[in-house]
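Colleague: I'd like to ask some things about the structure below.
Rule-based calculations on the coordinates, nothing more; no lab input. Because the structure is a prediction, the values reported are computed rather than measured. Cβ placement follows ideal geometry from the backbone for every residue including glycine, while neighbour counts extend to all protein chains displayed.
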């Protein structure tokens, strides 16, 4: 079964959002949406999300699910905005509770945020299945980048979140709190155990030093043979050594501090304070260095 997939690539965040539709009906899921955020001004906007809403309405689609592959560190999710306009339930992997507990301590949110996953409509366990109309999607727990990472499998398509990049770009970093290069290697191998013709849809692409156009679809076979970090049968220990050394050179994503405190709330912004203004926190001297 081959689902119908429409990709919305946001160059500002290098994020691919997918509208995934059952092949013989109008039910769909939205995976990894984007809420526009200007860091300099602190302003949000819904340009990217409105493209999704317009597509859903134009095609007469029924949104069953608004899915997150993990708690993103490089963009804010538009899940509540999309749900409010076209419906759907917001889901993420059950590992989100671990991420929430970690970052609730970092942001000192004990008085106004409960890290129990209740901000989402559903928390998915490994191997869980759910319906999109007449099609059945399954969940693979694929941690390593974060404890909450899952991949969604529908027919011949897998939405891999931040595990794989395109083969010439390798794999995701593992140096965020709760990340593990060993776990990521094993998650990658789990995906690579699927049939070689399985289509993989990645969450991000950055081109390749300006040398190729943005891309987001590959296959298990292509990754198995050509992925520069894990292809060709690279061993677990070799992958871990490479990943640890590479991660030590990376800077933090530009939007990590605003993004995580919003995304761990399932995209809901902090409540307004007594002056009617919402605020995001910036913890000092905790990351990098």
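Colleague: Using just the helices of the chain, give the 222 nm mean residue ellipticity in deg cm²/dmol: DSSP H runs with n ≥ 4 each add -39,500 (n - 2.57), and the total is spread over all residues, rounded to 500.
Modeller: Details: 7 runs with 72 residues, N = 289.
Counting only the DSSP helices, I get -7500 deg cm²/dmol.
Colleague: Please work out the C-alpha center-to-center distance from segment 18-38 to segment 182-228 and express it in whole Å.
Modeller: 20
Colleague: Restricting things to Cα coordinates, could you compute the convex hull volume per residue of the chain in Å³?
Modeller: Value for the chain: 130 Å³ per residue.
Colleague: Taking the simple approach of a point 7 Å from Cα along Cα-to-Cβ for both residue 196 and residue 214, what is their distance in nm?
Modeller: With each label placed 7 Å out from Cα toward Cβ, I get 3.1 nm.
Colleague: Mind jotting down a quarter of the surface of the convex hull over the alpha carbons of segment 194-289, in square nanometres, one decimal?
Modeller: Projected area, direction-averaged: 9.9 nm².
Colleague: Mean-square fluctuation check for the chain, GNM, Cα pairs under 10 Å: which of 112, 68, 11 is largest?
Modeller: Sorting by GNM fluctuation, first place goes to 112.
Colleague: Subtracting the Cα-Cα distance from 0.36 nm times the residue separation, let me have the gained length for residue 206 to residue 55 in nm, one decimal.
Modeller: 51.9 nm
Colleague: Can you sort 260, 132, 240 from fewest to most other Cβ atoms within 10 Å of each residue's own Cβ?
Modeller: The order, fewest Cβ neighbours first, is 240, 132, 260.
Colleague: Give the separation of the Cα centroids, segment 53-104 to segment 145-181, in Å.
Modeller: So the separation of the two Cα centres works out to 17 Å.
Colleague: As a footprinting exposure proxy, order 174, 149 by other Cβ within 10 Å, with the fewest listed first. Let's see the in-between values first.
Modeller: Details: 174 23, 149 31.
Ascending number of Cβ neighbours within 10 Å: 174, 149.
Colleague: How high is the FRET efficiency from residue 254 to residue 84, r the C-beta distance, R0 30 Å, rounded to 0.05?
Modeller: 0.65
Colleague: Another question, then. Can you compute the modelled spin-label distance between residue 105 and residue 186, with each label point 7 Å from Cα toward Cβ, in nm?
Modeller: So the label points at residue 105 and residue 186 sit 2.2 nm apart.
Colleague: Arranged by the count of other C-beta atoms within 10 angstrom, fewest first, what order do 216, 65 take?
Modeller: 216, 65
Colleague: From Cα pairs below 8 angstrom and at least 6 apart in sequence, can you work out the relative contact order of the chain, rounded to a whole percent? If you can, show how the numbers build up before the last one.
Modeller: Working: 612 pairs, mean separation 49.5, N = 289.
The normalised contact order for the chain reaches 17 percent.
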